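Okay, structure first, notes after.
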Amino acid sequence: MPEILDRLRAEHRDLACLLAVIARQSQQLHREGRADCGLLQQIVAYLGNYPELVHHPREDVLYVCLLARSPNLDGVIADIRDQHVELGRQTEALAQAVARAASGTSDAVSALAEMCASYLAAYRQHLETEETVLFPLAERDLTAGDWEVCADAVSPASDPLFGAEVGVQYHALLDSIKRSGA
């Protein structure tokens, strides 16, 4: 399997891990009316950083190559690109909702629970479409030359949370994730 696809799938597993932590915090919101807002703030900060600035642009490079081979996918790829933009907006909105909920008002906590549910649904559906539709088509349709073009065009940036060298700003988050069993 091409390295870029391996990397994207690994990043999807990492994103799924973070979504699972958000889901557990959301369940805690429903049960107890509170969550670890500090943990959620750290996760949302990461989600607004690495996926938005590195992961989604990597996918976009892959989709340009795939679209050149399979122009009939233009609608699906346009939808995925739109989802990248919308997930960015939802991540910003979630960050604001977490900040409001940290203040402890019941309205803000209730709004955060609702926002987590819609965010999780949107992100999971997005990952599912990429994993079950676009990535298999890329494996099938792209040539060795296409994969080289993709590899040359993507950012070599390492994941600051799940990569070999964890960024200073993410040490506490990684510890929290490990402690949570995710």
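Readers should treat all values here as calculations from the given coordinates under stated rules, not as data from a laboratory. As the structure is a computational prediction, the values presented were derived from the model and not from experiment. Ideal geometry is used to build each Cβ from the backbone, glycine not excepted, and the neighbour counts take in all protein chains shown.
For the chain, what does -39500 (n - 2.57) per DSSP helix run (n ≥ 4), summed and divided by total residues, give at 222 nm, in deg cm²/dmol to the nearest 500?
-25000 deg cm²/dmol, from helical runs alone.
Report the charge-dipole magnitude of the chain in Debye, nearest 20, computed about the Cα centre from +1 at each Lys and Arg Cβ and -1 at each Asp and Glu Cβ.
Dipole of the chain, to the nearest 20 debye: 740 debye.
For Ala23 paired with Glu131, estimate the spin-label separation in nm (one decimal), with each label point 7 Å from Cα along the Cα-to-Cβ line.
The two pseudo-label positions are separated by 1.0 nm.
Work out the charge dipole of the range 3-180 with +1 on the Cβ of Lys and Arg and -1 on the Cβ of Asp and Glu about the Cα centre, then indicate which of Gly75, Leu137, Ala113 is farthest towards its positive end.
The Cα lying farthest towards the positive end belongs to Ala113.
For the chain, which DSSP H helices look membrane-span-like by this rule: Cα extent along the axis of 18 Å or more and mean Kyte-Doolittle of at least -0.5?
3-32, 56-69, 74-102, 106-129
Roughly how many Å is it from the Cα centre of the range 55-75 to that of the range 120-170, as a whole number?
12 Å
Relative contact order for the chain: what is it in percent, counting Cα pairs under 8 Å that are at least 6 residues apart?
With pairs under 8 Å counted, the relative contact order is 36 percent.
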